[in-house]
1. Give the range 53-80 a look and list any residue that's of a type in the set (S, T, N, Q) and either more than 14 Å from the chain's Cα centre (by Cα) or in a strand (DSSP E or B) (or both), or say none.
2. If we keep just the residues of the range 52-68 that are crowded, with 17+ Cβ neighbours inside 10 Å and not β-branched (Val, Ile, Thr), which is nearest to residue 79 (Cα to Cα)?
3. Being of a type in the set (D, E, K, R), surrounded by fewer than 16 Cβ atoms within 10 Å (Cβ to Cβ) and touching a residue at least 12 places away in the same chain (Cβ under 8 Å) narrows it down to one of 22, 35, so name that one.
4. Looking at (1) at pLDDT below 90; (2) over 14 Å from the mean Cα position of the chain (by Cα), which one does residue 83 not meet, given that it meets all the others?
5. Could you check residue 46 against (1) surrounded by fewer than 14 Cβ atoms within 10 Å (Cβ to Cβ); (2) in contact (Cβ under 8 Å) with a residue 12 or more places away in the chain; (3) of a type outside the set (D, E, K, R); (4) not in a helix (DSSP H, G or I) and say which number it fails?
Amino acid sequence: MIVGICSIELRLAENHDLKGKRQVLKSVKDRVRNRFNVSIAEVDDLDAWQRTTIGVACVSKDRSQVESTLARVATFVEELHLASVEGVHVEIL
């Protein structure tokens, strides 16, 4: 069993309150869940208005499939243009 973990740091420059941040995050999380078979959650910067970090987890028997899925998730989040991606860190266990 191969487990992949990806943390994606996002900046929400146009955001002015936590309510707006939650709306953007809900949209991102729902779209990623619907498109990919992964788990996703906000994992850091919970009270910051314009920053957040989301964590994505993927499990498979094939390492290349895990790496590919996490790379596609990161690209997908960036292409949504709801927030700017400031950093992506992938760890394979």
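1. As a first pass, look at the range 53-80 and keep what is of a type in the set (S, T, N, Q): 53, 60, 64-65, 68-69, 75.
Within the range 53-80, 53, 60, 64, 65, 68 qualify.
2. Among those that are crowded, with 17+ Cβ neighbours inside 10 Å and not β-branched (Val, Ile, Thr), it is 67.
3. 35
4. Every condition holds for residue 83 apart from (2).
5. (2)
The values are calculated or read from the model by the stated rules, or taken from the named source; none is laboratory data. Small disclaimer: the values here were computed from a predicted structure and weren't measured. All Cβ positions, even for glycine, are placed from backbone atoms using ideal geometry, and neighbour counts span all protein chains on display.
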